[in-house]
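The values are calculated or read from the model by the stated rules, or taken from the named source; none is laboratory data. Fair warning: this is a prediction, and the values are worked out from it, not measured in the lab. So basically every Cβ, Gly included, is an ideal-geometry build from the backbone, and we count neighbours across all protein chains shown. Side chains included, ligands, DNA and RNA excluded: accessible areas come from the protein's heavy atoms. Shrake-Rupley method; radii C 1.70, N 1.55, O 1.52, S 1.80 Å.
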Amino acid sequence: INNFPNLLYSQNKESEQPRKQSKRVELSTMVEGGATTLADKTQFSECWKITSKNPYIARLAFSAGIGGLLFGYDTGVISGALLYIKDDFESVKNSTFLQEIIVSTCVAGAIVGAAVGGYANDRFGRRKTIMAADALFFLGAVVMAAAPVPGVIILGRVLVGLGVGMASMTAPLYISEASPARIRGAMVSTNGLLITGGQFVSYLINLAFTQAPGTWRWMLGIAGVPALVQFVLMWSLPESPRWLYREDHKEEARSILEKIYPAEEVEREIEALRESVEAEKAIEQSIGKGTISKLKGALSDTAVRRGLYAGVTVQVAQQFVGINTVMYYAPTIVQFAGFASNSVALALSLVTSGLNALGSIISMMFVDRYGRRRLMMVSMVGIITFLVILAVVFKEASVHAPAVSAMESAGFGGNMTCPASLNIGGNKNWGCMKCLKAGCGFCSNAGSQYQPGACLIGDKVARSACKVESGRTWYEEGCPSKIGFLAVILLALYIISYSPGMGTAPWIVNSEIYPLRYRGIGGGIAAVANWTSNLIVSLTFLTMTETLTVAGAFLTFAGISLLGLIAIFFLVPETKGLQFEEVEKMLRDGYKPGFFRKAGDSEGGK
């Protein structure tokens, strides 16, 4: 997700093949979050020239790319909507588990949607699968916007999750197969940017509707608009030429290629497509077409097993560094830091989403220069560092939280005083944090929010009574803190460390680490590991903050990240600059770890 995201890395290696073979080898790995290719500056400038001359290509890519935008929007919008859902439903406010379910069911739906999308792509085609995803997006948005109870919101989240999973498999594939080969990298890269862009837009929409009647209903429901737009656009667009050719609709495939390529290039592209499809069918015959037979073959191959050790390691590590706790719960985390206002929390959360999108661009610039493994290891060091400092900041904020004053609480009347605070007497250790942990709310001192305040029952009556008094602020998630701003800065530094390295490099590694004949099944296993890890993290974060405290939760992620760094050091080779055959030979011969080992230094390298 957080994606992005969330990425299919499709790399055209035709320049590495002998010209006399006249073969284009296009290697695609189906994974979470769309598609990204490491397109260089030449590809982007060429892309601009070609699409300006032939707007039809831009129309195809833009129409399918809306799926990436919806992917990012629907995974990011819940972070802000959750704040207002809690205000409307006391059952959600009082249940951490219910909050986690509302957030994580989208991820659970995406796991199923990705599997369904893979089948639907082959069975019904890319275009129909995208339109089916749009129908799910639209239906889910309407269901959530009209939800009378939390259970209906959960149903809507499952529906949009199915759409997210299908879009993650299909949108980048359609763009890749409907783009000219020489600009395919640049065209597909836009899908990855649209995912992170969609997350950023979701934060902007959340902020825009903070004062509107219905707040969260607008936030969740507005996703139906781009889904409807994409459905209409895709209705008038053709199917992928590759799928048509494989299904023996060769004349239809030719007519589409004639609209994409100059007349003098069409025959060459038809020949390349024929050879590619024949090669794909030959691979299926050699290892079997069924998933079970492919899986058995993959696990019995030494190079594939070692590739899976590396591929699954980086995908699991990507999620267990805690990135989606930030993307799904960013406003809540900001409130943990002492910013009580929903609108302020949303505004500050824009920083994390914007930096995540920026990091994706930075990664595209540097990953081929410095290597995948090096970027990941440097990224992990930064992640661990800032997670530890975050834990220290939250611990210090907790220790120095304002005390609870029995006199302040009594000022609101005995019927509003939190029952757990009635017998505190002069106990100075009983402060704001213990008040919140008891399920109550903290009403800050009217003179200064850092002075002893009142601990009141956490209902709407007490909340309103606190807010109506001038100078008082109501706190439910975190306590007033003089160092809360440091948490926001550290979250930004954490994102800066994560996004260029662990944000994108794991997907690139998984596109390069498996032998061609097992690239699909290898990437699929790694993608399932990523989605499942994502689900576990999003489903347990709030429970961790209650059980271990916020500081303990971040420290736990730091410890897991340290284990991930060690695993990357020993299990993940550098694939920069190596052809696929060299990567396979390196894995088969055995990989020797080194801190910043360059491509080709390991056994089996160049």
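Couple of notes before you dig in:
- In region 556-574, the residues that are within 30 Å of residue 585 (Cβ to Cβ) form Cβ pairs under 6 Å with partners that are open to solvent by less than 10 Å² (accessible area, probe 1.4 Å) and not in a helix (DSSP H, G or I), at six or more places apart or across chains, as follows: 574/371.
- Extreme residue, farthest from residue 336 (Cα to Cα), among residues of region 530-542 that are open to solvent by less than 20 Å² (accessible area, probe 1.4 Å) and of a type outside the set (Phe, Trp, Tyr): 530
- Residue that is out of contact with any Phe, Trp or Tyr (no Cβ under 7 Å at 6 or more places or on another chain) and crowded, with 24+ Cβ neighbours inside 10 Å, where the choices are 314, 388, 344: 314
- Here residue 487 fulfils each of the conditions (1) at pLDDT below 90; (2) crowded, with 24+ Cβ neighbours inside 10 Å apart from (1).
- Candidates 522, 503, 478 - the one that is surrounded by 23 or more Cβ atoms within 10 Å (Cβ to Cβ), in a helix (DSSP H, G or I) and of a type outside the set (D, E, K, R): 522
- Filtering 378, 367, 351 for residues that are open to solvent by 40 Å² or more (accessible area, probe 1.4 Å), at pLDDT below 85 and not acidic (Asp, Glu) leaves a single hit, 351.
Per-residue answers, yes or no, for (1) at pLDDT below 90; (2) farther than 21 Å from residue 419 by Cβ:
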position: 443; (1), (2): no, no
position: 446; (1), (2): no, yes
position: 450; (1), (2): no, yes
position: 459; (1), (2): yes, no
position: 462; (1), (2): no, no
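- Among the candidates 183, 195, residue that is under 24 Å from residue 83 (Cα atoms), open to solvent by less than 40 Å² (accessible area, probe 1.4 Å), part of a helix (DSSP H, G or I) and among the hydrophobic types (A, V, I, L, M, F, W, C): 195
- Only one entry of 533, 511 meets the criterion of being closer than 24 Å to residue 573 by Cα and touching a Gly at 6+ places or on another chain (Cβ under 8 Å), and that entry is 511.
- Residue selection: residue 545 fails the criterion of being among the polar types (S, T, N, Q), over 30 Å from residue 434 (Cβ atoms) and open to solvent by less than 50 Å² (accessible area, probe 1.4 Å).
- Some residue of region 113-122 being more than 16 Å from the chain's Cα centre (by Cα), modelled with pLDDT of 90 or more and not charged (D, E, K, R): no
- Within region 136-154, the residues that satisfy the criterion of being among the aliphatic types (A, V, I, L, M), open to solvent by 10 Å² or more (accessible area, probe 1.4 Å) and more than 21 Å from the chain's Cα centre (by Cα) are 139, 142, 143, 145, 146, 149, 152.
- Filtering region 153-207 to residues that are among the small types (Gly, Ala, Ser), more than 16 Å from residue 51 (Cβ to Cβ) and in contact with a Cys (Cβ under 6 Å, 6 or more places away or on another chain) leaves only 161.
- Out of 228, 220, 233, 244, one residue alone is farther than 30 Å from residue 554 by Cβ and surrounded by 22 or more Cβ atoms within 10 Å (Cβ to Cβ). It is 244.
- Filtering region 374-422 to residues that are polar (S, T, N, Q) and assigned to a helix (DSSP H, G or I) leaves 379, 385, 398, 409, 421.
- Residue check for residue 495: over 28 Å from residue 91 (Cα atoms), touching a helix residue (DSSP H, G or I) at 6+ places or on another chain (Cβ under 8 Å) and open to solvent by 50 Å² or more (accessible area, probe 1.4 Å): no
- Subset of region 198-217 that is polar (S, T, N, Q) and more than 17 Å from the chain's Cα centre (by Cα) - its residue that is most open to solvent (accessible area, probe 1.4 Å): 211
- The single residue among 170, 190 that is open to solvent by 10 Å² or more (accessible area, probe 1.4 Å), closer than 30 Å to residue 253 by Cβ, assigned to a helix (DSSP H, G or I) and of a type in the set (S, T, N, Q) turns out to be 190.
- Looking across region 247-272, the residues that are small (Gly, Ala, Ser) and either surrounded by fewer than 16 Cβ atoms within 10 Å (Cβ to Cβ) or in contact with a Gly (Cβ under 6 Å, 6 or more places away or on another chain) (or both) come down to 255, 263.
- Selection within region 452-475 - small (Gly, Ala, Ser) and open to solvent by 10 Å² or more (accessible area, probe 1.4 Å): 458, 464, 465, 470, 471
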